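Read the structure below first, then the notes.
The values are calculated or read from the model by the stated rules, or taken from the named source; none is laboratory data. The structure displayed is predicted, hence computed values, not measured ones. Here the Cβ is made from the backbone with ideal geometry for all residues, glycine too, and neighbour counts use every protein chain on show. Note: accessible area is taken over every heavy atom of the protein model, side chains too, but ligands, DNA and RNA are not part of it. Shrake-Rupley method; radii C 1.70, N 1.55, O 1.52, S 1.80 Å.
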Amino acid sequence: MIQIKESEHVYFSDSGEAVHALAPTTLDIPAGQFLCVVGPSGCGKTTLLKQIAGFLRPTRGEVLVRGKNVTGPGAERGVVFQHPNLYPWFSVEENVSLGLRLRGVGRSERSRTAREYLEMVGLGSFCDAKPYELSGGMQQRAQIARVLANSPEIILMDEPFGALDALTRERLQADLLALQRETHKTVFFITHSVEEAVFLGDRVIVMGARPGHIVLDVPIELSMHAGHLLGPEMKSMQEFIELRDLVAAAITG
Ligand code: ADP
Ligand code: MG
C-alpha cells in the first residue's frame, strides 16, 4: 500500500544550515497493516509521516501509495495531527462532517455518519458544541472522529493520544484497534509510548536519530492478537512484556 524507497530528508534553516533529518529509508507497508513508529524526539518520525501525507517531498528517493508517486495530500490518506485543529466557527458535528459535505454527501447521511464517529470517541452529546467549549483532549477526540468519518484507506497519526488522560487513551486505543480489525485500514501510528506501540501495532519500527533511520523492525505476532483479545489485560501477559522490553532496549540503543 505504501512504499518508501531510499527516501531522505534534508531541511535547510533560514541561515542555510542543513539538517539531515532522515537518512535513506526503505519501508514497505502492506494494506491493512497497523504500523507503529517509536523513537527519541527529533529522529525524523514526523518528517517521514509528512512525506507519506504529501506535505513534504523527499529530498531524495520516493514515496509511493498504491504504486503511485506521492506528489501532495490525497483523500485516501487521512492525517491526525498531534494537536487538534478544528475550525472554531463550525460546531463539532459540522467539523466532523465537513469532508463528507465537500464530497456532496447529503445532509442526513452526513449527520448520521458524523454522529456515529462522535459517539465512538465519546462525544455523542457534544455535536452542537463549538470547539472552544471542549477541553483539549475532547478536541483531539473530535479531530480523530473527523478523520475517521472521511473513511480514508490510510490513516496517518502523529502521537494522537499524547495529550489524553490515561482512561480516555485506553478507550480510544481499544476503539481504534477494533475499527482497524473491522475495516482493515492501513495505519501509520507515531507514539512516544512503547507500550502503546506494542499494544496497537501488527509491527513496530524503532527509529534512531542523526540522521533518522530504522534501527529495529519487529512483527508483533501476539497469540492474544489472534484471539482478538483487545483489552488492557493484554499488557500484563509475558509475551507482551518481552516484546515491550525488546522495543524499549532498541530505543535506548
Ligand atoms: P520527530 O517527529 O521524530 O521528533 P522530526 O521529524 O520532527 O522528528 O524532526 C527531525 C529533525 O528535523 C529534528 O532534528 C528537527 O529539529 C528537524 N526539523 C524538523 N522540521 C524542521 C524544519 N521545518 N526545519 C528545520 N529542521 C527541522
Ligand atoms: Mg514528531
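For Gly78, indicate whether it is without any contact (Cβ under 8 Å) to a residue 40 or more places away in the chain, touching a Lys or Arg at 6+ places or on another chain (Cβ under 9 Å) and closer than 30 Å to Ile251 by Cβ. When the stated conditions are applied, Gly78 does not pass them. Residue pairs whose Cβ atoms lie under 8 Å apart, separated by 6 or more positions or on different chains, with the first residue in the range 37-62 and in the same structural domain as Val194 (by TED's automatic domain parsing) and open to solvent by less than 10 Å² (accessible area, probe 1.4 Å) and the second in a helix (DSSP H, G or I) and among the small types (Gly, Ala, Ser), are Val37/Ala197; Val38/Ala197. Which members of the range 111-137 meet the condition of being among the hydrophobic types (A, V, I, L, M, F, W, C) and over 18 Å from Thr183 (Cα atoms)? Across the range 111-137, the qualifying residues are Leu123, Phe126, Cys127, Ala129, Leu134. If you go through the range 1-56 and keep only what is at pLDDT 95 or above and charged (D, E, K, R), you end up with Lys5, Glu6, Glu8, Asp28, Lys45, Lys50.
Go through the residues of the range 118-129 one by one and say whether even a single one is at positive phi and part of a loop (DSSP other than H, G, I, E, B).
yes
Scanning the range 10-36 for residues that are open to solvent by less than 10 Å² (accessible area, probe 1.4 Å) and of a type outside the set (Phe, Trp, Tyr) yields Leu22, Thr25, Leu27, Ile29, Leu35, Cys36.
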